[in-house]
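Engineer: Here you go, one structure.
The values are calculated or read from the model by the stated rules, or taken from the named source; none is laboratory data. What you see is a predicted model; the values in this text were computed from it and never measured. Don't worry about glycine lacking a Cβ; one is built from the backbone with ideal geometry, like all the others, and counts go over all protein chains shown.
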Amino acid sequence: MRRFIYGISLYLMLTVAALAQFNKNIIIAHRGAWKTNNLPENSLASLNQAVALHCHGSEFDIHMTADGVPVVNHDHDFYRMDIEKSTYEQLLAKKHPNGESIPTLKEYLIAGMNQKETKLILEIKTSRISPERSIELTDKVYALVKELNAQKWAEYICFSWEVGKRLHELDKKAKIAYLEGDKTPAEAKAAGYTGLDYHYSIYKKHPEWIAEAHKLGLTVNAWTVNDRTEMQRLIDQHVDYITTNEPELLFEVLKKE
């Protein structure tokens, strides 16, 4: 029975994937859409709110527990529990204020695949223990995305240069953007990245990188932009996406375009 139910669920997700028409706006909700309604960051509730707002994408962060379970949380600690040094079962002792437990990546992906309008922007967090653990997490994340047939939803971002290169090795068609801000568009392109995803201050120092990236076929995203003036400046510079804690505000700015 369990295999039958899983088979039906997989069939339904594949059907949704075939019908997917992702929103065409530039808005990426940072850790989901959490701020306005005081929802926990990186919770299923914040993901659902980003979907309800019709954001193009909802960003979230992935760590690996001591027993190898990929989970969704921004900080390395989950309510003062070190994720990398705790088992998944140990982390279940803590809950978000809305009653949610820390989501596994599998739970998060399945929830995100129940809709066909908002992309899932997976940030693979760099391990504080070792570079090898970062690569191990990367392999687990990609394997799960592939197992669930979530490729149409999933796009990847990372601060670790090696993590992005590993993703490109695993899937030449994967969309991967680099976060650190210390590489030129040409360097990112050569390493297999498909986009730049830099703090907006980097584009102030290197405004030419936006046009250079576009010439190379790279997408350009800016994070984390919560100010109306900065949003408008980046829109005027023709960035492809803006990651923000204030998706509602960015929708307002776009309406005046």
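Engineer: If the requirement is being more than 17 Å from LEU44 (Cβ to Cβ), at pLDDT 95 or above and surrounded by 21 or more Cβ atoms within 10 Å (Cβ to Cβ), which of these qualifies: MET113, MET64, MET81?
Structural biologist: None of the other options fit; the residue is MET64.
Engineer: Counting just the residues of the stretch 109-145 that are without any contact (Cβ under 8 Å) to a residue 12 or more places away in the chain and not in a loop (DSSP other than H, G, I, E, B), which one comes out farthest from THR194 (Cα to Cα)?
Structural biologist: GLU132
Engineer: Restricting attention to the stretch 1-32, and to residues there that are farther than 27 Å from LEU250 by Cβ and of a type in the set (S, T, N, Q), which single residue is modelled with the highest pLDDT?
Structural biologist: In this case the residue turns out to be SER9.
Engineer: Let me ask something else about it. Six or more apart or on different chains, Cβ atoms under 9 Å: show the pairs whose first residue is in the stretch 76-89 and within 18 Å of ILE124 (Cβ to Cβ) and whose second is of a type in the set (Ser, Thr, Tyr) and in a strand (DSSP E or B).
Structural biologist: Filtered contacts from the stretch 76-89: TYR88/THR104.
Engineer: Could I ask something else about it? Considering only the stretch 42-61, state which residues are free of Cβ contacts under 8 Å to residues at least 40 places away in the same chain and buried (at least 20 other Cβ atoms within 10 Å of the Cβ).
Structural biologist: Listed by number, the residues that qualify are SER46, GLN49.
Engineer: Within the stretch 94-104, is even one residue at pLDDT 95 or above, among the hydrophobic types (A, V, I, L, M, F, W, C) and more than 27 Å from ASN38 (Cα to Cα)?
Structural biologist: No: the stretch 94-104 contains no residue that is at pLDDT 95 or above, among the hydrophobic types (A, V, I, L, M, F, W, C) and more than 27 Å from ASN38 (Cα to Cα).
Engineer: Restricting attention to the stretch 116-133, report how many residues are surrounded by 22 or more Cβ atoms within 10 Å (Cβ to Cβ) and among the hydroxyl-bearing types (Ser, Thr, Tyr).
Structural biologist: Number of matching residues: 1.
Engineer: Among the residues of the stretch 49-59, is there at least one that is out of contact with any strand residue (DSSP E or B) (no Cβ under 9 Å at 6 or more places or on another chain) and at pLDDT 95 or above?
Structural biologist: Yes, some residue in the stretch 49-59 is out of contact with any strand residue (DSSP E or B) (no Cβ under 9 Å at 6 or more places or on another chain) and at pLDDT 95 or above.
Engineer: Only one residue in LEU254, LEU218, LEU249, LEU148 is of a type outside the set (Lys, Arg) and in contact with a strand residue (DSSP E or B) (Cβ under 6 Å, 6 or more places away or on another chain). Which one?
Structural biologist: LEU218
Engineer: If you don't mind, there's one more thing I want to ask. For the stretch 33-55, which residues satisfy the criterion of being assigned to a loop (DSSP other than H, G, I, E, B) and under 21 Å from LYS255 (Cα atoms)?
Structural biologist: ALA33, LYS35, THR36, HIS54, CYS55, listed by residue number.
Engineer: Of everything in the stretch 178-187, what is in contact with a helix residue (DSSP H, G or I) (Cβ under 8 Å, 6 or more places away or on another chain) and closer than 25 Å to LYS146 by Cβ? Give them in sequence order.
Structural biologist: The one that is in contact with a helix residue (DSSP H, G or I) (Cβ under 8 Å, 6 or more places away or on another chain) and closer than 25 Å to LYS146 by Cβ: TYR178.
Engineer: Next question. Can you pull out the residues in the stretch 96-108 that are assigned to a loop (DSSP other than H, G, I, E, B) and either surrounded by 15 or more Cβ atoms within 10 Å (Cβ to Cβ) or touching a residue at least 12 places away in the same chain (Cβ under 8 Å) (or both)?
Structural biologist: HIS96, PRO97, ASN98, GLU100, SER101, ILE102, PRO103
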